[in-house]
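Single-structure report; data block below.
No value in this document is a laboratory result; all are computed from the given coordinates. Keep in mind it's a predicted model, so treat the numbers as computed, not measured. Reconstructed Cβ throughout: ideal geometry from the backbone, glycine too, with neighbour counts over all protein chains shown.
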Amino acid sequence: MAIINRGFGGRRGTSDPRLPPGQTLVGDWPVLTAGPTPDISTDEWSFTITTETGVQHRWDWGTLHEVGVEDVVTDIHCVTHWSRLGMPWRGVSVDRLFEDVETSCDFVMVRTHDGYTTNVPLDDLLEGQAWIATEADGEALTAEHGGPARLLVPHLYFWKSAKWVAEMRMMPTDQPGFWEQNGYHLRGDPWREERYW
Amino acid sequence: MTHVDGNALAGTLVDVLGFDSTDAIGECAGCRHRSELARAHAFVTAMGAIVRCEACQGVLAVVVRTPTDVHVSLSGLARVSIARRVSRAPRPPSP
Amino acid sequence: MTAGFRAAWHVGRVVSRRAETRSAVRLEIEVPTWPGNHAGSHLDIRLTAPDGYQASRSYSIASSGPATRVVLAVDEVLSGEVSPYVVHDLREGDELEVHGPLGRYFVWTPEDPDPAPVQLIAGGSGVVPLFAMADARERQPHGTDFRLLYSARTPDDVFFASELGALTKTRVDIVHTRRSPLGSPRPPGRLTQESLAELTFPAGVAPRIFVCGPTPFVETVSRWLLELGQDPARIRTERFGGSG
């Protein structure tokens, strides 16, 4: 069937040369909800890096902040075609968290408090490319946006920036997380438009 | 927007399975709860649809549409029971 | 088991369009290949932009039966992708791709042998599939007792107002949450568990219950119904999302 609906253009944002291919600029911050929103207090919050030998490095809300929270201004790109430019965040650099971690693995499975997973190469989490983010748009991260803390790895599509981040588990090979098992690209580079399998 | 329910997936199920199965009974692989697929909680966004058990919130099914494919995971459903039934044939064109 | 109408993709033509409320339109769509539909079912409208971009959304059907004329009442969701186009840009004579009829769970048919009363509970635009059920009951010479409890913001937000007022087989109670009609004995206010109990068939008559509206409305009403002793197996729900 070739019915074209005259005048229908879809809800598209404005195009912008600073954006990766297929993205449009929006002014808000859409929430994509995949399940019930977890309710995690900062008292009970923790983040753990687990190596392939089972060694665990763990931070609670206090010790995370002692590592040092920094300002980040960055662009974010959602695979559902919206982008925001120059978004202000605050978070702890993942480089700092990996300083004492001994691993020979190149890949990480990120796990969240609600059972979601996403895989990221370790190289994409280091060299100033990733944070455990606690604030966005000048405010504490709200629960619907992944608060108290989410992963922020803005050079990849935003589904990799896992909400309610709980753990990074080292793995020797790149294994697909939740969306990657269900049709989405293993790596997700917006500049190469790596959206799907 | 929070969630809707399995009624919203009727069209997708027709496209994928060829028939509307929202009244089929699904059994959750996690908690064994059995109920019509229409009663499941459906979180539908532009990334895809995540269908969760109304009892335990475990993921029953995932539907992702890409430009070239539809990917359906039913791994959270232990089984689906569909009543056998008669469908009315399409009406012939009016004279 | 209810005989079904096989779902398929169809092309329909808008034959009538008029304002239903401030934010909604009533559309009559002629679909020559439509097999007919049960009351409570829905269809998906798929829009295609000139560059090939597509979006689709589900809309409940206000009509039922064997006819090829399908009636919709579509409320605009301001940030939506499809409903603003349907409400503002569709014109009489326009063609439209629709997928349906859809929905085998949230339907009521006049052939249903269950003699128990039927309670319909609508929140906002959730009234559309329930109106289809009450309208199907209206055309039946004999059948079970029907009640419709309809929560709407103001009298201007009531869908099918004149048709509801003319129903003889369904007792209609409208609860206005923001503004009541002039001279109304009931001040505006949200539905409560007490008014729900007052305006619905009691658990003692084991009604079949259909609840439709936004998710928070449906879930709150469902919880209240269970607390009032209604049988969960006799309650069917359809949740509307806000992504229209």
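Report whether or not B:CYS56 is more than 19 Å from C:THR215 (Cβ to Cβ), more than 10 Å from chain C (Cβ to nearest Cβ), out of contact with any strand residue (DSSP E or B) (no Cβ under 6 Å at 6 or more places or on another chain) and of a type outside the set (S, T, N, Q).
Values: more than 19 Å from C:THR215 (Cβ to Cβ): no; more than 10 Å from chain C (Cβ to nearest Cβ): yes; out of contact with any strand residue (DSSP E or B) (no Cβ under 6 Å at 6 or more places or on another chain): yes; of a type outside the set (S, T, N, Q): yes.
It is false that B:CYS56 is more than 19 Å from C:THR215 (Cβ to Cβ), more than 10 Å from chain C (Cβ to nearest Cβ), out of contact with any strand residue (DSSP E or B) (no Cβ under 6 Å at 6 or more places or on another chain) and of a type outside the set (S, T, N, Q).
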Kindly provide the set of residues from region C:4-31 that are out of contact with any strand residue (DSSP E or B) (no Cβ under 9 Å at 6 or more places or on another chain) and either part of a strand (DSSP E or B) or within 14 Å of chain B (Cβ to nearest Cβ) (or both), ordered by number. none
Any strands (runs of 3 or more DSSP E) falling wholly within region A:1-117 and containing at least 2 residues that are away from chain B (no Cβ under 14 Å) and loosely packed, with under 14 Cβ neighbours inside 10 Å: A:56-60, A:70-77, A:82-93
Report, by residue number, each residue of region A:150-188 that is over 20 Å from A:THR33 (Cβ atoms), touching an Asp or Glu at 6+ places or on another chain (Cβ under 9 Å) and not in a loop (DSSP other than H, G, I, E, B). A:ARG169, A:MET170, A:MET171
I'd like to check something: does region B:73-91 contain any residue that is surrounded by 15 or more Cβ atoms within 10 Å (Cβ to Cβ), in contact with a strand residue (DSSP E or B) (Cβ under 7 Å, 6 or more places away or on another chain), part of a strand (DSSP E or B) and not hydrophobic (A, V, I, L, M, F, W, C)? yes
Would you pick out the residues in region A:151-177 that are under 13 Å from the mean Cα position of the chain (by Cα) and either more than 18 Å from A:VAL92 (Cβ to Cβ) or within 14 Å of another protein chain (Cβ to nearest Cβ) (or both)? A:LEU156, A:TYR157, A:PHE158, A:TRP159, A:LYS160, A:SER161, A:ALA162, A:LYS163, A:GLY177
Being more than 13 Å from chain C (Cβ to nearest Cβ), surrounded by fewer than 22 Cβ atoms within 10 Å (Cβ to Cβ) and not small (Gly, Ala, Ser) is true for just one of B:THR45, B:THR68. Which residue is that? B:THR68
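For region C:150-244, which fully contained strands (runs of 3 or more DSSP E) count at least 2 residues that are in contact (Cβ under 8 Å) with a residue 60 or more places away in the chain? Outline the logic, then answer.
Details: elements: C:170-176, C:208-214, C:235-240.
It comes to C:208-214, C:235-240.
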